[in-house]
1. Kindly indicate whether K46 is modelled with pLDDT of 90 or more and within 18 Å of A136 (Cα to Cα).
2. Quick check on region 49-60: of everything there that is in contact with a Phe, Trp or Tyr (Cβ under 9 Å, 6 or more places away or on another chain) and either under 25 Å from R138 (Cβ atoms) or surrounded by 16 or more Cβ atoms within 10 Å (Cβ to Cβ) (or both), which residue is modelled with the lowest pLDDT?
3. State yes or no: is S107 in contact (Cβ under 8 Å) with a residue 60 or more places away in the chain and touching a strand residue (DSSP E or B) at 6+ places or on another chain (Cβ under 8 Å)?
4. Please verify whether region 121-130 includes one or more residues that are in contact (Cβ under 8 Å) with a residue 60 or more places away in the chain, of a type in the set (K, R) and either in contact with a helix residue (DSSP H, G or I) (Cβ under 8 Å, 6 or more places away or on another chain) or more than 23 Å from C17 (Cβ to Cβ) (or both).
5. Go through region 112-124 and count every residue that is touching a Phe, Trp or Tyr at 6+ places or on another chain (Cβ under 8 Å) and surrounded by 20 or more Cβ atoms within 10 Å (Cβ to Cβ).
6. Hey, does region 139-155 have a residue that's in contact with a Cys (Cβ under 8 Å, 6 or more places away or on another chain) and aromatic (F, W, Y)?
7. State which residue is surrounded by the most Cβ atoms within 10 Å (Cβ to Cβ) when the search covers only region 72-99 and only residues that are among the polar types (S, T, N, Q) and assigned to a loop (DSSP other than H, G, I, E, B).
8. Restricting to region 140-174, name every residue that is buried (at least 17 other Cβ atoms within 10 Å of the Cβ), small (G, A, S) and modelled with pLDDT under 95.
Amino acid sequence: MKKIYALLIGIVFLTGCSATANISIDKDSVVENIKVYEQDTNQYNKYKNWNGFPVPLYYDQDLKVPLWMKDRTKETGVSYYDVKNDDNNKTIETTGKFKLNNHNRSSLVRNCFKLYNIINEDSKTIFSTSKGLTCAFRNFDIKVSTPYVVVANNADRVDSENNVFTWNINSSNAKTASVYLEIDFSKRFNEEDTNSNNGNATQNSNNSNIFVYIMIALTVLVIISGLYFYTNIKKRNTSI
């Protein structure tokens, strides 16, 4: 069954086209959106038939009708990707939603990496793939976003403001590329920023209060000193 999936999905991945995978990871679910860009019009016209050739979400699902049969339709009880074709931009777009611990069964991800593991350790979850890309994209960008704190990763680029992690895979690193991401689901990314800002605000407020107290103390000291000198001078004038 796995070989049949590889044959089916491989027809799109062996053209030397480019692709971008946007993967959003939440505490209980994963949304996967993959856009394949094919510059060659003839090749694109061949593969845009995906709309009439449904691709199952999970690479290990049992199907009654083999995947290679062109007249196959969607089967009851089987989950499929939503597929859209953009003729103007020669783009094939697939979208699928998974339960968190089932994303390692993703048909499209498993076609690009031999192994994909999801390991839960207390509040943390590790997402890791084997080394080496098995789908022949000319350029393959994997962008992962999450509203939770990422404690470890091997991404090529990190957008720290938006908590987005990007892997850029091409012909120069395809044989050694891998994905590693460790998320702490007990800590939300935005909350850390908010707490940090609140802490800074509190510190600034404390500093302002200290400054006010110092100014008041100095003012009182000046007044007392002035009265002291004024009294002494007045006494001297009186005695004279």
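The values are calculated or read from the model by the stated rules, or taken from the named source; none is laboratory data. Predicted model only: the values in this text are computed from it and were never measured. As a convention, Cβ positions derive from the backbone with ideal geometry for all residues, glycine included, and neighbour counts pool all protein chains shown.
1. Values: modelled with pLDDT of 90 or more: no; within 18 Å of A136 (Cα to Cα): yes.
When the stated conditions are applied, K46 does not pass them.
2. Step one: list which residues in region 49-60 are in contact with a Phe, Trp or Tyr (Cβ under 9 Å, 6 or more places away or on another chain), which gives 50, 54-60.
Next cut, either under 25 Å from R138 (Cβ atoms) or surrounded by 16 or more Cβ atoms within 10 Å (Cβ to Cβ) (or both) only: 50, 54-59.
Numbers: W50: 53, P54: 75, V55: 79, P56: 85, L57: 88, Y58: 89, Y59: 82.
Looking at residues that are in contact with a Phe, Trp or Tyr (Cβ under 9 Å, 6 or more places away or on another chain) and either under 25 Å from R138 (Cβ atoms) or surrounded by 16 or more Cβ atoms within 10 Å (Cβ to Cβ) (or both), I get W50.
3. Working: in contact (Cβ under 8 Å) with a residue 60 or more places away in the chain: yes; touching a strand residue (DSSP E or B) at 6+ places or on another chain (Cβ under 8 Å): yes.
Yes.
4. Scanning region 121-130, I find at least one residue that is in contact (Cβ under 8 Å) with a residue 60 or more places away in the chain, of a type in the set (K, R) and either in contact with a helix residue (DSSP H, G or I) (Cβ under 8 Å, 6 or more places away or on another chain) or more than 23 Å from C17 (Cβ to Cβ) (or both), so the answer is yes.
5. So the answer is 1.
6. Residues of region 139-155 in contact with a Cys (Cβ under 8 Å, 6 or more places away or on another chain): 140.
Then drop every residue that is not aromatic (F, W, Y), which leaves 140.
Yes, region 139-155 contains a residue that is in contact with a Cys (Cβ under 8 Å, 6 or more places away or on another chain) and aromatic (F, W, Y).
7. At the first step, the residues of region 72-99 found to be among the polar types (S, T, N, Q) are 73, 76, 79, 85, 88-89, 91, 94-95.
Within this subset, residues satisfying the condition of being assigned to a loop (DSSP other than H, G, I, E, B) are 73, 76, 79, 88-89.
Details: T73: 9, T76: 5, S79: 15, N88: 5, N89: 11.
Ranking the qualifying residues of region 72-99, first place goes to S79.
8. A174
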